[in-house]
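Remarks on the structure that follows.
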Number of protein chains: 2
Amino acid sequence: MEDKAQVQEAIKVQGEVVRRLKSEKASKEQIDEEVAKLLALKAQLGDDGKHQFVLKTAKGTRDYNPKQMAIREKVFNTIISCFKRHGAETIDTPVFELKETLTGKYGEDSKLIYDLKDQGGELLSLRYDLTVPFARYLAMNKITNIKRYHIAKVYRRDNPAMTRGRYREFYQCDFDIAGQYDAMIPDAECLKIVYEILSELELGDFRIKVNDRRILDGMFAVCGVPDDKFRTICSTVDKLDKMPWEDVKKEMVNEKGLSEEAADLIGGYVSMQGGMDLAERLLQDQKLSQSKQACAGLSDIKLLFSYLQLFQVTDKVVFDLSLARGLDYYTGIIYEAVLTQAGMAPVTNEAQNGANAEESVSVGSVAGGGRYDGLVGMFDPKGRKVPCVGVSIGIERVFSIMEQKAEALAEKVRTTEVQVMVASAQKNLLEERLRLVSELWNAGIKAEVMYKKNPKLLSQLQHCEESGIPLVAILGEQELKDGVVKLRVVATREEVDISRAELIAEIKKRTSVA
Amino acid sequence: MEDKAQVQEAIKVQGEVVRRLKSEKASKEQIDEEVAKLLALKAQLGDDGKHQFVLKTAKGTRDYNPKQMAIREKVFNTIISCFKRHGAETIDTPVFELKETLTGKYGEDSKLIYDLKDQGGELLSLRYDLTVPFARYLAMNKITNIKRYHIAKVYRRDNPAMTRGRYREFYQCDFDIAGQYDAMIPDAECLKIVYEILSELELGDFRIKVNDRRILDGMFAVCGVPDDKFRTICSTVDKLDKMPWEDVKKEMVNEKGLSEEAADLIGGYVSMQGGMDLAERLLQDQKLSQSKQACAGLSDIKLLFSYLQLFQVTDKVVFDLSLARGLDYYTGIIYEAVLTQAGMAPVTNEAQNGANAEESVSVGSVAGGGRYDGLVGMFDPKGRKVPCVGVSIGIERVFSIMEQKAEALAEKVRTTEVQVMVASAQKNLLEERLRLVSELWNAGIKAEVMYKKNPKLLSQLQHCEESGIPLVAILGEQELKDGVVKLRVVATREEVDISRAELIAEIKKRTSVA
């Protein structure tokens, strides 16, 4: 152990760090971290009879309290209803995979994968997304067509500097269609699904950008980008939603060594946005039409828009040549949905407490996806391909927005669905209350009773107010004698005697959703 | 690399191991493991152009396919409805905790905890149950009363010899009531919940055994068990559901060094079963009534049964002095529900394929729980206690039974909820099909369309048969001209023309649950 005085001095200093952060209203995560250090220092002083647990969740993770869970359930219900409306099945996979299953799928991001400790046996890693386990599942079970959704948590050891507003454990909400089908039909359904979900969640106005990996590659080729620079130039283009063109160009030329001329040619293309008309115009473009790849992509965009017209969703979809999603495995169409109402930008608590402006600009993206025809083949012993297209809803951002909305509207979020509280104003009626609440449970009514022998009527009514229980069934000596229950409406305080025989029907009538 | 011929010989041998296991119909897990070894050997022969992934899930884990997910969803709905009927909120916690949060909570079982690799930062472990994270959550948020359920996966690195029929990743389904309340009221509600859930799941007849940690300890004291042997003798008593008394006694005397006399005294008590009457009789028992602890436990059992009578569940509840659940943290009442119909015993696939008889006898337990008044205090810096009582449903066993039932009844488990398939008998009607299916989606109808330009009618109808879609909306030139759709009932092949304006109402009418 270190010298005691030294530790005490360190505790003093660390205590001031914590106080300063609190007075500066720093992020909860940051404060928790410094408090943890403080507690660790205090622990060095030896056991003084107190417990020395560091009471926190792991860095980058959080608990969901009942209010957050109520919002989460609502969001999930909307999304799952949509997936089911489109005929999707669901599967589940383990939270960890063999390490080698994830190897070579995420490029540079592989360093963010959580590994399990080698405790003897296989080397395991926590899943990084749901797409790779899905591809592994298809190859392992030799499934060549399926329409499935999968909602589950994934894990990324994101760099602390990047964690503002991002979690290390978070939900993904994926819908994918695997199978050899005619072009653009499943792709169009994925976009229809994004449109439906974002409309139903009422997150404010949105736009869905689409592009195609083949158009990007064709564009780079005709603009004179060397083959081995496609990916790195692509990732620079991807920054156009956060940086002005001038800065993007600078990065291309100064950092990535592209010629000014090539950069300017790219600049001409990536500023283009439109619909089917733009695809048609580009098919006539002297330069771009020289690329077979680009033409194939452009023809598919045209076809896609014709289906989107039938689905009546073209008002929100825009063909945007600057869209360049990062993941390597995309082979065809790619898309991303962004919220366009600044007021509803999903800034999370952490981001509010000190994220820099650059980071908060890009949080508008709430869904993304694309076609990945090669991934399943990477798992098949014979390399057999299963074409896939899918979409992932950025559900954590949706949660944040919904939480903020609920807070902004001072909306009372109910965390239970209790319809009636069985109460009494007099003493010694516990048994009668238990008998009645049991009757209600048996009839399928959501009911509660206080776990006290003689609770005060006021505290029973207060509980109803606090947790939004609409009805109280009050028992007293007189009611028991008369074979009735006093049914009280919490909101209006109106009370009416109902015979025991009719009570259940009456409660059901009053609490049925009209 | 090893000598090539040597590796080829090893491949030959290993290939035979796999073939033998397959012919013996060994467990899937065992075969997978040996296949993995085979593939690893083959990989040593060097890259021959083929992929060398070992296509499997981590040992002790499994994927859920759509059929299993459909069953799982049904079971969860029943359980969650019950929890909600009793007014529970829900929370969620991260899949991993700080390692120290789990330290010292599970006794010997701590060796089964999965640790994460130290990749810099905190030391983390996967959660082992939901009870410890719940206690951590309460202490961390200073919550002194809550009624919550939590359904999530937990992780245990169970010894391979023990894994037959058990998974390393499995669901727990917990309901707990935390708070300082009058004795036995929340405890009785927990038992009522077990009763409701097991009845609604229709798993066959069941019994709920109850006992009390204080009665056990009091019994050990009056029978002359030394204080320091309470826990180890308790764990021997716990084996009474798998071993006859003679063997249990032998273990007590020969292995644990208890006197014959003490063992016989214990034997007299642990053979007792009954209801409130037994508790009353034991309160008069000359020996046992000398223990204050035992008397407190017996009085509570009496009180509990009086509440269970009001809840009308005493037909399935039995006070059983041989019940001794393992976990250290129980402080009062304990209980366990077992299925009593041998035919419905939840033997999983793995267990069928080679578990020894001893292990398959005990798989009847489908729920368990008890009171743990000290656990939250272990996390509180000031040791403040929050009394808790809870129950955990052994959901994996329930899944197994439901899967077996579905298989035994050759029941067709639907994996989607699609109500109508939009089809056509003629060519070139893709656009019309897409337009119609989009109308249906927008009206909230669950609908599908085949992703082909010109699918055959037969294959469209076959898909309906296979996936249980009840209706087909058929479009043809004539129907389009007449402004109608041919609605076909898949089961009866009956067809009727419905005007486009009335189609949605007609589909809703026909698919509404009566």
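The values are calculated or read from the model by the stated rules, or taken from the named source; none is laboratory data. Every value quoted in this text rests on a predicted model; they were computed, and no experiment measured them. Positions of Cβ are backbone-derived with ideal geometry, glycine not excepted, and every protein chain shown enters the neighbour counts. Heads up: the accessible areas ignore ligands, DNA and RNA and are worked out on the full protein's heavy atoms, side chains in. Shrake-Rupley method; radii C 1.70, N 1.55, O 1.52, S 1.80 Å.
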Check: If you take just the strands (runs of 3 or more DSSP E) that sit entirely in the stretch A:358-431, which of them hold at least 2 residues that are closer than 29 Å to A:Met450 by Cα and among the aliphatic types (A, V, I, L, M)?
Finding: A:420-424
Margin query: Against the condition open to solvent by less than 50 Å² (accessible area, probe 1.4 Å), β-branched (Val, Ile, Thr), farther than 18 Å from B:Phe399 by Cα and facing chain A (nearest Cβ under 9 Å), how does B:Thr101 come out, does it pass?
Written below: yes
Checklist line | Every residue from the stretch A:256-274 that is in contact (Cβ under 8 Å) with a residue 12 or more places away in the chain and part of a helix (DSSP H, G or I) | finding: A:Glu261, A:Ala262, A:Ala263, A:Asp264, A:Leu265, A:Ile266, A:Gly267, A:Tyr269, A:Val270
Item checked: Neighbours by Cβ (under 8 Å, 6+ apart or cross-chain): first from the stretch A:193-215, touching a residue at least 40 places away in the same chain (Cβ under 8 Å) and on the phi > 0 side of the Ramachandran plot; second open to solvent by 10 Å² or more (accessible area, probe 1.4 Å) and assigned to a loop (DSSP other than H, G, I, E, B) -> A:Gly204/A:Thr340; A:Gly204/A:Gln341
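Within the group A:Gln312, A:Gln290, A:Gln284, A:Gln341, which residue is within 17 Å of A:Arg207 (Cβ to Cβ), modelled with pLDDT of 95 or more and exposed (fewer than 14 other Cβ atoms within 10 Å of the Cβ)?
A:Gln312
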Check: Just checking, how many residues over the stretch A:63-81 are open to solvent by 10 Å² or more (accessible area, probe 1.4 Å) and more than 7 Å from every other protein chain (Cβ to nearest Cβ)?
Finding: 12
Item checked: Positions within the stretch B:191-240 being farther than 22 Å from B:Glu255 by Cα and of a type in the set (Ser, Thr, Tyr), in sequence order -> B:Tyr195, B:Ser199
Next item on the list: Please go through the stretch B:315-334 and pick out each residue that is modelled with pLDDT of 95 or more and of a type in the set (Phe, Trp, Tyr).
Entry: B:Phe319
Next item on the list: Could you tell me which residue of the stretch A:432-460 is nearest to B:Lys84 (Cα to Cα), considering only residues that are outside any loop (DSSP other than H, G, I, E, B) and in contact (Cβ under 8 Å) with a residue 40 or more places away in the chain?
Entry: A:Leu440
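Condition check ((1) among the charged types (D, E, K, R); (2) in a helix (DSSP H, G or I)) across all residues:
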| position | (1), (2) |
| --- | --- |
| B:Ser299 | no, yes |
| B:Tyr307 | no, yes |
| B:Phe319 | no, no |
| B:Ala324 | no, no |
| B:Asp328 | yes, no |
Next item on the list: Take the stretch A:462-482 and flag every residue that is more than 14 Å from chain B (Cβ to nearest Cβ), touching a Lys or Arg at 6+ places or on another chain (Cβ under 8 Å) and either without any contact (Cβ under 8 Å) to a residue 40 or more places away in the chain or assigned to a loop (DSSP other than H, G, I, E, B) (or both).
Entry: A:Gly476, A:Glu479
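Evaluate the following for B:Lys84: is it basic (Lys, Arg), facing chain A (nearest Cβ under 7 Å), part of a helix (DSSP H, G or I) and more than 18 Å from the chain's Cα centre (by Cα)?
So B:Lys84 fits the description; yes.
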Note to self: Restricting to the stretch B:414-426, and then to whatever is open to solvent by 30 Å² or more (accessible area, probe 1.4 Å) and within 13 Å of another protein chain (Cβ to nearest Cβ), can you tell me which residue is nearest to B:Lys508 (Cα to Cα)?
What the structure shows: B:Gln419
Check: Residues of the stretch B:150-159 being touching an Asp or Glu at 6+ places or on another chain (Cβ under 7 Å) and within 10 Å of chain A (Cβ to nearest Cβ), which ones?
Finding: B:His150, B:Ala152, B:Lys153, B:Tyr155
Check: How many residues are part of a strand (DSSP E or B) and either within 14 Å of chain B (Cβ to nearest Cβ) or of a type in the set (A, V, I, L, M) (or both) when one looks only at the stretch A:188-211?
Finding: 2
Check: Among the listed residues A:Thr236, A:Thr144, which satisfies the condition of being of a type in the set (Val, Ile, Thr), assigned by the TED database to the domain that holds A:Arg85 and at pLDDT below 95?
Finding: A:Thr236
Margin query: I'm trying to understand the selection: among the residues of the stretch B:427-440, which are surrounded by fewer than 21 Cβ atoms within 10 Å (Cβ to Cβ) and within 8 Å of chain A (Cβ to nearest Cβ)?
Written below: B:Leu430, B:Glu431, B:Arg435
Item checked: Top-ranked residue in the stretch A:175-187 [being facing chain B (nearest Cβ under 10 Å) and of a type outside the set (Val, Ile, Thr); ranked as surrounded by the fewest Cβ atoms within 10 Å (Cβ to Cβ)] -> A:Gln180
Item checked: Only listed residue being in contact with a strand residue (DSSP E or B) (Cβ under 7 Å, 6 or more places away or on another chain) and under 15 Å from B:Ala70 (Cβ atoms), chosen from B:Val418, B:Val413 -> B:Val418
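Just to be sure before I move on: is A:Lys147 in a loop (DSSP other than H, G, I, E, B), under 23 Å from A:Arg371 (Cα atoms) and either at the interface with another protein chain (Cβ under 10 Å from one of its Cβ atoms) or free of Cβ contacts under 8 Å to residues at least 12 places away in the same chain (or both) in the structure I sent?
no
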Notebook entry, point to check: Being under 30 Å from A:Glu29 (Cβ atoms) and open to solvent by less than 40 Å² (accessible area, probe 1.4 Å), is that true of even one residue in the stretch B:191-206?
Noted result: no
Check: Among the numbered criteria (1) farther than 28 Å from A:Met252 by Cα; (2) in contact (Cβ under 8 Å) with a residue 12 or more places away in the chain, which single criterion is violated by A:Asp277?
Finding: (2)
Check: Does the stretch A:205-214 contain any residue that is assigned by the TED database to the domain that holds A:Cys190 and farther than 19 Å from A:Ala337 by Cα?
Finding: yes
Margin query: So B:Gly483 ticks every box in (1) touching a helix residue (DSSP H, G or I) at 6+ places or on another chain (Cβ under 8 Å); (2) open to solvent by 70 Å² or more (accessible area, probe 1.4 Å) but one. Which box is left unticked?
Written below: (2)
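Report yes if B:Asp158 is of a type outside the set (A, V, I, L, M, F, W, C), at pLDDT 95 or above and either within 22 Å of B:Thr78 (Cα to Cα) or not in a helix (DSSP H, G or I) (or both), otherwise no.
When the stated conditions are applied, B:Asp158 does not pass them.
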Next item on the list: Could you pull out the residue among B:Gly383, B:Gly374 that is open to solvent by 10 Å² or more (accessible area, probe 1.4 Å), over 19 Å from B:Ala70 (Cα atoms) and within 8 Å of chain A (Cβ to nearest Cβ)?
Entry: B:Gly383
Check: From A:Glu407, A:Glu411, A:Glu506, A:Glu466, which residue is open to solvent by 20 Å² or more (accessible area, probe 1.4 Å), acidic (Asp, Glu) and modelled with pLDDT of 95 or more?
Finding: A:Glu506
Note to self: I need every pair where a residue in the stretch B:14-35 that is under 24 Å from B:Glu169 (Cα atoms) has its Cβ under 8 Å from the Cβ of a residue that is open to solvent by 80 Å² or more (accessible area, probe 1.4 Å) and part of a helix (DSSP H, G or I), sequence separation at least 6 or different chains.
What the structure shows: B:Ser27/B:Asn349; B:Lys28/B:Asn349; B:Ile31/B:Lys22
